[in-house]
1. Can you report the number of residues in the range 303-330 which are farther than 30 Å from residue 516 by Cα and either at pLDDT 95 or above or in a helix (DSSP H, G or I) (or both)?
2. If I ask for residues that are outside any helix (DSSP H, G or I) and either at negative phi or touching a strand residue (DSSP E or B) at 6+ places or on another chain (Cβ under 8 Å) (or both), which ones from the range 37-54 would you list?
3. Working carefully through the options 272, 237, 247, 232, find the one that is closer than 28 Å to residue 343 by Cβ and either modelled with pLDDT of 95 or more or within 16 Å of ligand 1 (Cβ to nearest atom) (or both).
4. Going by what's in this entry, would residue 107 be described as in contact (Cβ under 8 Å) with a residue 60 or more places away in the chain and touching a strand residue (DSSP E or B) at 6+ places or on another chain (Cβ under 9 Å)?
5. So, residue 313, is that one within 29 Å of residue 481 (Cα to Cα), free of Cβ contacts under 8 Å to residues at least 40 places away in the same chain and touching a strand residue (DSSP E or B) at 6+ places or on another chain (Cβ under 7 Å) or not?
6. How about the range 344-369: which of its residues are closer than 20 Å to residue 140 by Cβ, touching a helix residue (DSSP H, G or I) at 6+ places or on another chain (Cβ under 7 Å) and either surrounded by 24 or more Cβ atoms within 10 Å (Cβ to Cβ) or without any contact (Cβ under 8 Å) to a residue 24 or more places away in the chain (or both)?
7. Name the residues in the range 379-409 that are surrounded by fewer than 24 Cβ atoms within 10 Å (Cβ to Cβ) and within 16 Å of ligand 1 (Cβ to nearest atom), would you?
8. So residue 136 passes all but one of these: (1) crowded, with 23+ Cβ neighbours inside 10 Å; (2) under 12 Å from residue 43 (Cα atoms). Which condition number does it fail?
Ligand code: VG1
Ligand code: CO
């Protein structure tokens, strides 16, 4: 029998969840009671339902994961939680947590990840709460959690409970007069079972093995030493018959092997090289927690996430799941290029434009209005769960390829020929000084919202753009009417081209500026995005005075 101790504590500043949970340096989480405070605040934000509840707990394998799982077990026991479902060794991908919350109808889950941020003792850790729909908590809940962190005085902990989380099975404990159960579950089983329901595995398998088209379709799947390693092995090797040569970096490492586990052209450059120089038809990479994806074709032909979303929207009939559920609407985050809007118009579906962050898609999915959505930041997913889902996206692409018998590049060429092309690029200026970046955003907001800016002309590299609309994006959720203000500065021109600027809400130090450029061409679809968008990029740099405020001549990452 274990007793519960009430420990006195004092609040820490800055425990405010950002775009997707609380992300800080590991050393910040290591401060006395810092992590305990936040966990207790999550439980307190659910206080009416917490006693007797079940929660899912898991994370991406990064440094500090096991220690924090242990704290969650003890604090949950101390607060009357009845049961935890914990991934073996704490390992669960973010989409798998969402899947498990929904499958076992739990009160929610705690996801331990800083996603695409680097890991290890000198890097980042993160904690996020997901609700009973499996999705990241909405702003109202994260605001409640934050408020609680500012006044917390004590937390309740059952210190004597130690649970071997490396052993799959049911572990029961007596805590005061209650029974407390920790069920350590296989990290991948539920998720893999679900993927087999959603997709036609035999069809994808015959694509990979070549029995359909003759020649094997050679894939290279890169887990970037993140959490998807065991999922990739189970799905691609065990189920789909790929060989060990078709997968790389499939062992989750606490520091991701020193890599930045963000699947983009910069941080996954070695996958791009391997596909470019090897005999591969398809490459995919996933981020630390498995919710992001990058898709490339033969010769490392790059599919922008905005195009990926539009292509999938146009081919959902290739995926058995949608045959049974039907296809509802589509959605994208505001900075995501509007390619999917054109598909929605063509197929007569609703389209929603939401702020950055997956939490904004949840209500629409729960209300049955949204089937497929995505973000330009390498996020794609559907209403099968309430998180974006990297492996789902790769399997969706392979389904389209198996059905159309076309290469990735041909699929894109056909798409652009039919719908035209939204050229898109994103410039990231990472870890800049915060004060000047905040000032830049304030100055820019004032400038673009003052009288006379709408209608003004801006020229660079021989092109002139006339402003049609400029604002700080705000969004009213069509389901619960909640309003989210100040979600990014946008300047929309007469020809539909857009410049968007916002500050990242996932960084753990300094400020990261994101500049997004989107421009549509109906017929000139074969160009190079950086060349095609050059004039608009120049205009964006002029209007924002970005170089002056950040002191940077060039972005850290170009997508
Ligand atoms: C970034 C992306 C956003 C994404 C978020 C979480 O946020 O822009 O689209 O939803 O990361 O992704 P921000 O605020 O840094 O721009 V993940 O894979 O880190 O959970
Ligand atoms: Co992620």
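1. Step one: filter the range 303-330 for residues farther than 30 Å from residue 516 by Cα, giving 317-326.
The next check asks that each one be either at pLDDT 95 or above or in a helix (DSSP H, G or I) (or both); those that pass are 317-325.
Final tally of qualifying residues: 9.
2. Taking the range 37-54 first, the residues outside any helix (DSSP H, G or I) are 46, 51-54.
If the condition is that a residue be outside any helix (DSSP H, G or I) and either at negative phi or touching a strand residue (DSSP E or B) at 6+ places or on another chain (Cβ under 8 Å) (or both), then 46, 51, 53, 54 are the ones that fit.
3. Numbers: 237 fails: closer than 28 Å to residue 343 by Cβ; 247 fails: closer than 28 Å to residue 343 by Cβ; 232 fails: closer than 28 Å to residue 343 by Cβ.
None of the other options fit; the residue is 272.
4. Values: in contact (Cβ under 8 Å) with a residue 60 or more places away in the chain: yes; touching a strand residue (DSSP E or B) at 6+ places or on another chain (Cβ under 9 Å): yes.
For residue 107, the condition - in contact (Cβ under 8 Å) with a residue 60 or more places away in the chain and touching a strand residue (DSSP E or B) at 6+ places or on another chain (Cβ under 9 Å) - is met.
5. On the way: within 29 Å of residue 481 (Cα to Cα): yes; free of Cβ contacts under 8 Å to residues at least 40 places away in the same chain: no; touching a strand residue (DSSP E or B) at 6+ places or on another chain (Cβ under 7 Å): yes.
The answer is no for residue 313.
6. Within the range 344-369, 354 is the sole residue that qualifies.
7. none
8. So the condition that residue 136 fails would be (2).
The values are calculated or read from the model by the stated rules, or taken from the named source; none is laboratory data. Worth saying up front: this structure is predicted, and the values here are computed from it rather than measured. As a convention, Cβ positions derive from the backbone with ideal geometry for all residues, glycine included, and neighbour counts pool all protein chains shown.
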